[in-house]
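Please read the structure below before turning to the comments.
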Amino acid sequence: MKQQRAMNGAPRRISILGVRSGVGGRDPGAGGAVDGLRAAGLAARLRAGGLDARWGDVFATRPEEAADPTAAMARLSPELARSVCDAGAGGAVPLVIGGDHSCAIGTWSGVHAATRPRGPLGLLWIDAHLDSHTPQTSHTGLIYGMPLAALLGHGDSAFVDCLTRGPKLMPEHVCVLGARSYEPEERALLDRLGVRVIGAGEVARRGLGAALQDAFAIVGRAEGGYGITVDMDAFDPRDAPGVGTPAPGGLRAAQLIPALAALGADERLRGLEIAEYNPGRDRNGRTLKHAIGLARSVLGAAPGSARVREALVRVA
Ligand SMILES: [Mn+2]
């Protein structure tokens, strides 16, 4: 079997961490994603693609915490961040399975801490939404609408100061891809900060290839490497109906997943997060299949990524 080798010749290590929580969203069903993906054999599917992948810690909010989601995520996020940081600092690529997308606060605070000695962290945020509200601008008060703002340093200090004080990302290293459903206030924050938003309409006009080229030029400028967070609702609901907040007009799985397979060769990938898979809303296992396909593709376990790697080696 062909294996993806790290610099030292061993298969690339993937540490899968879980967030069994949906308290940040309107529908708590994303809390079932960890067990759904585990039962579907996520780790084995990554190992079959030549990766050294295994499950690590799973973090959960407690039933009695549901009444105060902010307090719940303020407790959970630094615990997740510490575990993510340990995985990254130990040489593994953390794969975080949400949970609603408020898990991103802990995930990327942890990757930031692990990456900091090398330089700033880039982040590609693939999502139907902008997740860039603050408690002041939010119409709903739901935390899953706030994680990107918090990582950029805006919002509740319980989240902005997760694990370490202050912003974890610089606007010039962040790109949002696939957005199509958001409020003017969060768009105004990203515009004021100078974060590039490549909306679903722009992807449709210019093509996914051109959009991804722009996106990776931005996140790739960060000297510490970059991460990718995927909200499953970025996909069109025809491909990923199993989400809490579907939005029509999304990215097609048959295009995005193979396009991301080229990244399997990228040594600068510092982490991957897959959020908002909601098993109770899935139909015929479609969303589950694409969540696993996405992980295989980005991490370098898909057949396509082996071909891309071989092509790169031949060129080199
Ligand atoms: Mn999101």
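The values are calculated or read from the model by the stated rules, or taken from the named source; none is laboratory data. Quantities reported herein were computed from a predicted structural model and do not represent experimental measurements. Every residue, glycine as well, gets a Cβ built from its backbone with ideal geometry; the counts of neighbours run over all protein chains shown. Protein only, heavy atoms only, side chains kept; ligands, DNA and RNA dropped before computing areas. Shrake-Rupley method; radii C 1.70, N 1.55, O 1.52, S 1.80 Å.
Note the per residue figure in Å³ for the convex hull of the C-alpha positions in the range 160-289. Mind dumping the intermediate values first?
Numbers: hull volume 17.0 nm³, N = 130.
Cα-based convex hull of the range 160-289, divided per residue, equals 131 Å³.
Taking all protein chains into account, the per residue accessible area for the chain stands at 39 Å² (1.4 Å probe).
Once the piece of chain linking Arg192 and Ala254 is laid out straight, how much longer is it, given 0.36 nm per residue of separation minus the C-alpha distance between them?
Values: separation 62, 0.36 × 62 = 22.32 nm, distance 3.39 nm.
The span from Arg192 to Ala254 would gain 18.9 nm if fully extended.
Here, the chain has an Rg and a Dmax of 17.6, 56 Å when only alpha carbons are counted.
Here Glu64 and Thr164 are evaluated by their C-beta separation; at R0 = 22 Å the FRET efficiency comes out at 0.20.
Relative to the current alpha-carbon distance between Ala40 and Asn284, full extension at 0.36 nm per residue lengthens the span by 86.5 nm.
Straightening the chain between Gln213 and Ser157 buys 16.8 nm, computed as 0.36 nm per residue apart minus the Cα-Cα spacing.
The heavy atoms of Ile292 present about 10 square angstrom of accessible area, all protein chains included, probe 1.4 Å. For the chain, what does -39500 (n - 2.57) per DSSP helix run (n ≥ 4), summed and divided by total residues, give at 222 nm, in deg cm²/dmol to the nearest 500? -11000 deg cm²/dmol, from helical runs alone. Rounded to the nearest 5, the antiparallel percentage of DSSP beta bridges internal to the chain is 5%.
Would you work out the relative contact order for the chain, in percent, from Cα pairs under 8 angstrom that are 6 or more residues apart? Display every interim value, and only then the final one.
Values: 740 pairs, mean separation 63.6, N = 316.
Across the chain, relative contact order equals 20 percent.
Beta bridges per DSSP, both residues in the range 1-159: antiparallel share near 10 percent. Each Lys and Arg Cβ is given +1 and each Asp and Glu Cβ -1; about its Cα centre, the chain then shows a dipole of about 1340 debye.
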